[in-house]
Amino acid sequence: MRRPFIAGNWKMHKTVAEAVDLAVALKAALADVSTMDLAVCPTATALEAVSHVLARTNIGVGAQNMYWEDSGAYTGEISPLMAKELAAYVIIGHSERRQYFGETDTTVNLKLKAALRHNLTPIVCIGESLAQNEAGETVAFVGAQIRGAFAGIAQDDAQKVVLAYEPIWAIGTGRTAMPEDADRTIREAIRNVLCDLYDQATAETIRVQYGGSVKPSNMADFIVMPEIDGALVGGASLKVEDFAGIVKNAAAALKV
Ligand code: PGA
């Protein structure tokens, strides 16, 4: 059984003070949740303060990005060693990073290897554009993203990876994938490819979140799908009542 995992991606929102306020509120609102993994991913500037608030709680902390080298002349970047001081998770290859900051399957692979080398739990994002979806290219495209991300990664490391399937056209748009379509894509483009790369057991061990306009009112529809193990939540993770509502509705739907 894969343990459900819901993470909030705060993107480029919240000053340190605002991030601390949200973390304090989430800590109280979600204190009784023990049947799933929870995490929030603040901006780099708020990681330290949020990690203090959430230390020894049931809510983990993740970075939104990092570079793959341990140190060096890379102005503006943070390294896995630095992320590791403040976070247990790191989001890798979010579609916004691919779209605006030139990330590719190759850089995602380098970052994934760096995260695994430093015992950070990676949340690797994959997903197709609207044009690819409408052209019927989703399975081929997402499958290729999976092959690129996992190139050269050993089976025992692969099992530690969390994936987030996020159709780009559903991110921040209020438009969600049909849960059945997301479920089928995860099976055909993700688990089948992982089975091919590794084996059935590995493919069934790796957790896959759905992402893209998840909110309290639609979380249950996704979480009950057999292949969907949680959510990566953007906009609705910025308000305590929305993120807590998502978590509680997921728990209720799973009867856990
Ligand atoms: P959204 O973002 O929930 O605002 O659509 C999801 C994400 O980008 O991870």
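Residue count for the stretch 1-43 satisfying the condition of being within 14 Å of the ligand (Cβ to nearest atom) and within 19 Å of LEU254 (Cα to Cα): 4. Filtered by the rule that a residue be of a type in the set (A, V, I, L, M, F, W, C) and surrounded by fewer than 22 Cβ atoms within 10 Å (Cβ to Cβ), the stretch 229-242 gives ALA236, LEU238, VAL240. The residues listed here are ALA31, ALA46, ALA7; of these, the one that is among the hydrophobic types (A, V, I, L, M, F, W, C) and surrounded by fewer than 17 Cβ atoms within 10 Å (Cβ to Cβ) is ALA31.
Of the residues making up the stretch 134-178, those that are over 19 Å from ILE6 (Cα atoms) and in contact with a strand residue (DSSP E or B) (Cβ under 7 Å, 6 or more places away or on another chain) are VAL142, GLN145, ILE146, ALA149.
Laboratory data are not the source of any read-out in this text; all were calculated from the coordinates shown. These figures come from a predicted structure and were not determined experimentally. Positions of Cβ are backbone-derived with ideal geometry, glycine not excepted, and every protein chain shown enters the neighbour counts.
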